[in-house]
Each structure stands twice: as C-alpha cells, then as structure tokens.
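Notes to accompany the following structure.
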Amino acid sequence: LFSRVLECQGLPIVNGQCDPYATVTLAGPSRQTKVKKKTNNPHFDEVFYFEVTRPSSYNKKSHFDIEDVDEVDKMEIRVDLWNASNLKFGDEFLGELRLPLKFLRQSSSYEAWYFLQPRDNGNKSLKPDDLGSLRLNVVYTEDHVFSSDYYSPLRDLLLKSADVEPVSASAAHILGEVCREKQEAAIPLVRLFLHYGRIVPFISAIANAEVKRTQDPNTIFRGNSLTSKCIDETMKLAGMHYLQVTLKPIIDEICQVHKTCEIDPVKLKDGENLENNRENLRQYVDRIFTVITKSGVSCPTVMCDIFFSLRESAAKRFQGDLDVRYTAVSSFIFLRFFAPAILSPNLFQLTPHHPDPQTSRTLTLISKTIQTLGSLSKSKSANFKESYMATFYDYFNEQKYADAVKNFLDLISSSGRKDHKSIEQPILLKEGFMIKRAQGRKRFGMKNFKKRWFRLTNHEFTYQKSKGDHPLCSIPIENILAVERLEEESFKMKNMFQVIQPERRVLYIQANNCVEAKDWIDILTKVSQCNKKRLTVYHPSAYLNGHWLCCKATADNTPGCTPCTGGLPANIQLDIDGDRETERIYSLFNLYMPKLEKMQEACGSKSVYDGPEEEEYSTFIIDDPKETYKTLKLIIEGVGTLEQEHAQYKRDKFKKTKYGSQEHPIGDKSFQTYIRQQSEISAHSI
C-alpha cells in the first residue's frame, strides 16, 4: 500500500499557533510527516509504503505479518493530524480519518478529500453509568447564500418597512407576526437594518405603533414584543464595546477581590458581620451607579437615536405623565442592558466564565439595586419582596440618585438628528459659570475675557451675564463643527477649550478646572457628533497677531493642521453580511408559509366582514387589511422565486459535485443526506 498525504485545509489554530504534522498507521508503529510551521493549510506531499505479508517472509520494518489473508479486509489505514506544541502537556490532537482496506480494494488508486473526525475511543466498552450523563440542546442552521442580486426584491421590500403606513403592513412587521418566537425575527432583521443604516427609522416606526396601542404608561415596553426584542438585539450588537469600557474594570475587581456582601441575615456565615457586608455592598453599588450615570457621553449614537424616538413617542402619547419619557428609556438601558450584564457578566463577554457562587450572589444584589435605582418608581422599598433589600435600599433614598438617573437619561436620549426640535421642551444637559473670550463680532470691539453663565440643551449652546438673564449669544447644536482643547500657550491660561463654528468663527472658553473642562468637551462633542459638517482637522492654538500660533500660517481661513480627536470612541463597525441575513429571513418566511397564507385569509376576512373576529385570525395585528394583503402577496412571490433558485441550485449541485471533492469531503453528512434524499425521490418517481 502506498499512501500519499497531500495537503490539508482550514485546520484549527490552537493557542494562536498551528504547526501541523500527520502520522500514518496501518499496523505496528506509525510514520510521521515533517512538521509544517505556522500554517493551517499545510502541503505535505509525502509518501509512505506498507506491505502486508505472511509471517515467514517478515524481514523489514515496513512489512507487517498477519495469519490470515481474510484479515486484510478488517484492517484500516489511519491518518492522524497533530499540532506540534512546545507545551509540557505534549502535542495537540487535531483530528483523524480511518479508511478500511476493504473500501480501497474496489479500485487500485483512490484520491479524495476527507473531513477530519474526532478520535475513536478504541472501542472500549463503557457502562452508561461510568461517565454520567449530559443533556444538550443544539440548534443547527445551514443557509446557502446566493450573490446579492438574487435578494434584491425581498431585501428592498424589507428595507422600506419603516416608510410603510401603517407599519403593521410592512414586510419586517409581518415577519414578527408569523414567527413563533419574536427573537427569531429580531436577530436577522436588526442585523440587516444595521448593515444598511436603517435601524433607527425602523425601530422608531414599530415603537411608535406599539406606544399607540399601549393603554397604561406603567406597562410601556414591558412585553416581549417585536420592538423590545429588536432594541435588545441592537443594544447587544452596538453596545458591547460601551459595556466593556463602562463595567468591565469594576466587574473584574469584584470577581478577583471576593469581598463578602451577603446582607440576608438568614444566609450569613459564621464570623461574618452584617454591617461590614452592607458597607461593602453599598460601596460597590455606589461605584457602579456612578460609572453608569457618568457614561452618557460614551453611549453609541445609534442607541441614543433610538432612545430619543422612544422618549418622544411616550411623551406624545401620555402627555399628562411627566415621568413616562424617562421610564420608556430606563426600561431598556437599566432593565434590559446594564442589570442583566451585571447579573450574568459571562453572557455579555465581561468575564470568560460564570462567576463562583459567592461572587454571583454579590452581583445579584448589585443588579437588583441598580435596576431599582434606574426604574425611578415612586415607592422604591415596595419593589422588594425581601425586607433586608428594602432596608438596604434606604441608603439610596436620596434625591441626588434620582437626579443623576434623570440627567443620564436626558443625555442618552437627546439626539443630534434633524427633527430634534419636535420634542416639546429642550432638555437641559449642563450649565455653569465659565470665562469666555469675546468672539470679535464687532469690527473694532475689544477681544477681552468675561465671566458668563453657560447653558447647554439638546437644541443650543448659549451664554448670558447671569443665570436666568436673556442669552447674549446662542449657537445652534448643528453649528458646532468641533470641540477641542486649546493649548495653554495661546493666552497663557489653563483649562481652555474651543467651540468651532461655520465660517471659522471660534469661541474660546476657560473652565474652572481640568475636570470641568473635560466634562464640557465630552458633552458638547456628544450632542454634536452627528452633525453632517463636523470638521476632521483643527488648529490646537489660537490665531493671534496675524498668524496661527501652532502652524504659523498667516491666513485666518487656513484649514486646521491637526486631526480632530472626536473625544469619543467611534461607533463600532459591525461585521454583518446583508445577503446572509436576507437568506435567513427568506428561510423563516418559507418555514412559516402556512401562517403567511393564514394571514392573507385574515386580511380577506377583515376586508369583507365587519363583525366579531374569528379566533384563528385574532393573533395577527392587522391595522390595514388592504395594504397588508398587498405586502403579503409580494412576500409570497419573492419567497417562491428564491425557493425555485434553491431547488435549481441543489439539482445542479447533485449532478456536478463528486463526493470526496474539496467542496464535499468524505464525512460531509449534509451531502450524504442530500444524496440519500435524491435517490429516494428518483426511486419513488420510477
């Protein structure tokens, strides 16, 4: 037997390295290829020679004797792949393939690709009790994705969902109606809309429709609707980096330090002091509360824009309830984002493993308290079933905590989008005294320094002589093109920054200290970061005595010499394949085709019959039967066309593809199943 090991593709990378080699075994000791360094696609092209003979002629290492010629059929050639490791535990096993000689006797020469398989346990017979048992639920999804043009009709229909009136007649909303679980629909929809930059208008539209159907402000966004699942999914994708920078440092500390924080007297261990534990827990809650409420400037823009829409819809629907604009946002950012991340940090990639029981208990107590602080409900103590939690919460029954939550919610739900003036009242974000240099609007005016009261809302940045006076100057948020520090050399003054406006007008401001300066820069950058004309370069020093102090350029309209810092992390670019997500949505529509047809019947029934609704149709939200029917017709046509393309692709694949090729290596179970199905179909048709 000659065995030539040719090449491998896509071997796993172990601990950041892959130095593979293969061993080939027939009987007796195995033979080994050379190690290929730093590749997971190695080319070996090495030949091994084996000869099986009768016992009397055994004379070489490559000869193996067997007693009976029939034994040959029972033999198999085995190729094992290994990663050459320099760890003390030895080399890592990557996979194996076993090929019975009986199979090879059917042809004298045989070449094919194989999937590597897990290691055989050597056929040791184990009693079921020896290893214990494991209950496992695995969901496997396989989609074949065509090139973009195949998906255009269905994708365009989905992407215009935000513009359909009413939104319940849109393709995306219909997907949420027919899927068994709203989560099923939310995952591909959110990824598709994020990829094409349409997530904010889509969520705004479905949230607005849900708010209109809500009767009680206390139950706003509390159900598992398509809106709440889509917002959850968006926060998970767009907010992962935000969680990391906000919570990870303190979560790491809690997991490493293991301070005792048990405050339930019944669960207290010997030697533990209840007061000490309460103080430990209070300090942790205080620190986490502070990092969350100070993190508004880091909240991703896409989340802020969504929160702005929620706030606006809730305020318009429940005009008599002044708190609903806050609870609409806090029900997501606290209840469904920060609290779950504190409770199960491993699910949000904040820790690699589930915390130990003591740490897990600490995180549970912190999460409960943070959730209640964020909820802004009137009687906080009544929120707790446990009396010890109500007692502990008394620490936080101060107005400063409610004010901090409201300021945080104001900041993350103020938007730089064009329609931001539609909200009834401007949101005050920050105010205080600072010193400003005159902007020189009068040709002969003195450019002197004066103390002024500055005020920032989500509409404008103003200053006046004293608090409550009429503004002397107002800069609309859309006119803030950059906010950057100013070098001390400009005016020999510390803690200065500059607000750059159109036509090179610059407002120079001195804050009281470096912390205040940073706070103002961060918050001004945050509210203006969506402005279309934001600058990419600026001058870090002032224009004085006929030239820029930084680059010495003489023209006052010379473009900046230094890149803008932005001051905030860029919105994270997500690695999303739009066609893959559209294919997933097609698969869901195809799976739930009977429900789509049932929904069509419901539209027909609603259009011609105005009486009590039939029970089987009552589960669907249909506001406009005619529009919904039109969309359903387009969905069913689009799904039908794609279904035909898939069927044609499978027929062609079956005709052209050889089992054992690189596209379908031996061990490809899905291809084997497909071959079996095809042969059953053809046998049935015969």
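The values are calculated or read from the model by the stated rules, or taken from the named source; none is laboratory data. From a predicted model like this one, the values you see are computed outputs, not experimental measurements. Heads up, the Cβs are rebuilt from the backbone with ideal geometry, glycines too, and the neighbour counts pull from every protein chain shown. We work out accessible area using only protein heavy atoms, side chains counted, and drop any ligands, DNA or RNA first. Shrake-Rupley method; radii C 1.70, N 1.55, O 1.52, S 1.80 Å.
Give the residues of region 204-225 that are in a loop (DSSP other than H, G, I, E, B) and among the acidic types (Asp, Glu), sorted by residue number.
Taking region 204-225 and keeping what is in a loop (DSSP other than H, G, I, E, B), we get 214-216, 220-225.
Answer for region 204-225, where residues must be in a loop (DSSP other than H, G, I, E, B) and among the acidic types (Asp, Glu): just Asp216.
Take the residues in region 304-319 that are more than 21 Å from the chain's Cα centre (by Cα) and farther than 16 Å from Asn407 by Cα; name whichever of them is surrounded by the most Cβ atoms within 10 Å (Cβ to Cβ). Don't jump to the end; show me each part of the working.
Let us first name the residues in region 304-319 that are more than 21 Å from the chain's Cα centre (by Cα), namely 311-319.
Pick out the ones that are also farther than 16 Å from Asn407 by Cα and you get 312-319.
Working: Glu312: 23, Ser313: 23, Ala314: 26, Ala315: 19, Lys316: 15, Arg317: 19, Phe318: 21, Gln319: 10.
Among residues in region 304-319 that are more than 21 Å from the chain's Cα centre (by Cα) and farther than 16 Å from Asn407 by Cα, the one surrounded by the most Cβ atoms within 10 Å (Cβ to Cβ) is Ala314.
Does Glu503 satisfy the criteria of being in contact (Cβ under 8 Å) with a residue 12 or more places away in the chain, out of contact with any helix residue (DSSP H, G or I) (no Cβ under 9 Å at 6 or more places or on another chain), in the same structural domain as Trp453 (by the TED database) and of a type in the set (D, E, K, R)?
Values: in contact (Cβ under 8 Å) with a residue 12 or more places away in the chain: no; out of contact with any helix residue (DSSP H, G or I) (no Cβ under 9 Å at 6 or more places or on another chain): yes; in the same structural domain as Trp453 (by the TED database): yes; of a type in the set (D, E, K, R): yes.
Here the answer is no, as Glu503 does not meet what is asked.
Test of understanding: among Asp522, Asp575, which residue is within 28 Å of Thr246 (Cα to Cα), open to solvent by 40 Å² or more (accessible area, probe 1.4 Å) and either at pLDDT below 85 or within 27 Å of the chain's Cα centre (by Cα) (or both)?
Values: Asp522 fails: open to solvent by 40 Å² or more (accessible area, probe 1.4 Å).
It is Asp575.
Would a scan of region 39-46 turn up a residue that is in the same structural domain as Gly10 (by the TED database), of a type outside the set (Val, Ile, Thr), in contact with a Pro (Cβ under 6 Å, 6 or more places away or on another chain) and at pLDDT 90 or above?
We begin by selecting, within region 39-46, every residue in the same structural domain as Gly10 (by the TED database); these are 39-46.
Now restrict to residues that are of a type outside the set (Val, Ile, Thr): 40-46.
Subset that is in contact with a Pro (Cβ under 6 Å, 6 or more places away or on another chain): 42.
Of the ones still in play, those that are also at pLDDT 90 or above are 42.
Scanning region 39-46, I find at least one residue that is in the same structural domain as Gly10 (by the TED database), of a type outside the set (Val, Ile, Thr), in contact with a Pro (Cβ under 6 Å, 6 or more places away or on another chain) and at pLDDT 90 or above, so the answer is yes.
For Tyr543, state whether it is free of Cβ contacts under 8 Å to residues at least 40 places away in the same chain and aromatic (Phe, Trp, Tyr). Show your work before the answer.
On the way: free of Cβ contacts under 8 Å to residues at least 40 places away in the same chain: yes; aromatic (Phe, Trp, Tyr): yes.
Answer is yes for this residue.
Of (1) under 30 Å from Glu637 (Cβ atoms); (2) within 32 Å of the chain's Cα centre (by Cα), Glu597 satisfies all except one. Which?
(2)
Could you grab me the full set of residues in region 138-158 that are open to solvent by 100 Å² or more (accessible area, probe 1.4 Å) and at pLDDT below 85?
Within region 138-158, Val138, Val139, Tyr140, Glu142 qualify.
Restricting region 249-303 to residues that are in a helix (DSSP H, G or I) and small (Gly, Ala, Ser), which is surrounded by the most Cβ atoms within 10 Å (Cβ to Cβ)? Show your work before the answer.
Just the residues of region 249-303 that are in a helix (DSSP H, G or I), to begin with: 249-257, 265-267, 274-293, 296-298, 301-303.
Now drop any that are not small (Gly, Ala, Ser), which leaves 296, 298.
On the way: Gly296: 21, Ser298: 16.
Among those residues, the one meeting the criterion is Gly296.
Could you figure out which of (1) outside the structural domain of Ile622 (by the TED database); (2) in a helix (DSSP H, G or I); (3) crowded, with 16+ Cβ neighbours inside 10 Å isn't true of Ser161?
Among (1) outside the structural domain of Ile622 (by the TED database); (2) in a helix (DSSP H, G or I); (3) crowded, with 16+ Cβ neighbours inside 10 Å, Ser161 violates only (1).
In region 331-407, which helices (runs of 4 or more DSSP H) lie fully inside it and hold 2 or more residues that are within 28 Å of Arg311 (Cα to Cα)?
Correct list: 339-343, 357-375.
Of all residues in region 503-519 being open to solvent by 40 Å² or more (accessible area, probe 1.4 Å) and within 36 Å of the chain's Cα centre (by Cα), which is farthest from Ser413 (Cα to Cα)?
Cys514
Please go through region 7-35 and pick out each residue that is open to solvent by 60 Å² or more (accessible area, probe 1.4 Å), under 19 Å from Trp113 (Cβ atoms) and over 34 Å from the mean Cα position of the chain (by Cα).
The one that is open to solvent by 60 Å² or more (accessible area, probe 1.4 Å), under 19 Å from Trp113 (Cβ atoms) and over 34 Å from the mean Cα position of the chain (by Cα): Glu7.
Here are Ser170, Ser204, Ser147: which of them is more than 29 Å from Gln600 (Cβ to Cβ), among the small types (Gly, Ala, Ser) and either touching a residue at least 60 places away in the same chain (Cβ under 8 Å) or not assigned by the TED database to the domain that holds Pro300 (or both)? Before you say what the answer is, go through the steps one by one.
Details: Ser170 fails: more than 29 Å from Gln600 (Cβ to Cβ); Ser204 fails: more than 29 Å from Gln600 (Cβ to Cβ).
Result: Ser147 is the single residue among Ser170, Ser204, Ser147 that is more than 29 Å from Gln600 (Cβ to Cβ), among the small types (Gly, Ala, Ser) and either touching a residue at least 60 places away in the same chain (Cβ under 8 Å) or not assigned by the TED database to the domain that holds Pro300 (or both).
Starting from residues that are within 17 Å of Thr290 (Cβ to Cβ) and open to solvent by 30 Å² or more (accessible area, probe 1.4 Å), keep the ones in region 369-396 and report whichever is modelled with the lowest pLDDT.
Only one residue fits best here, namely Tyr395.
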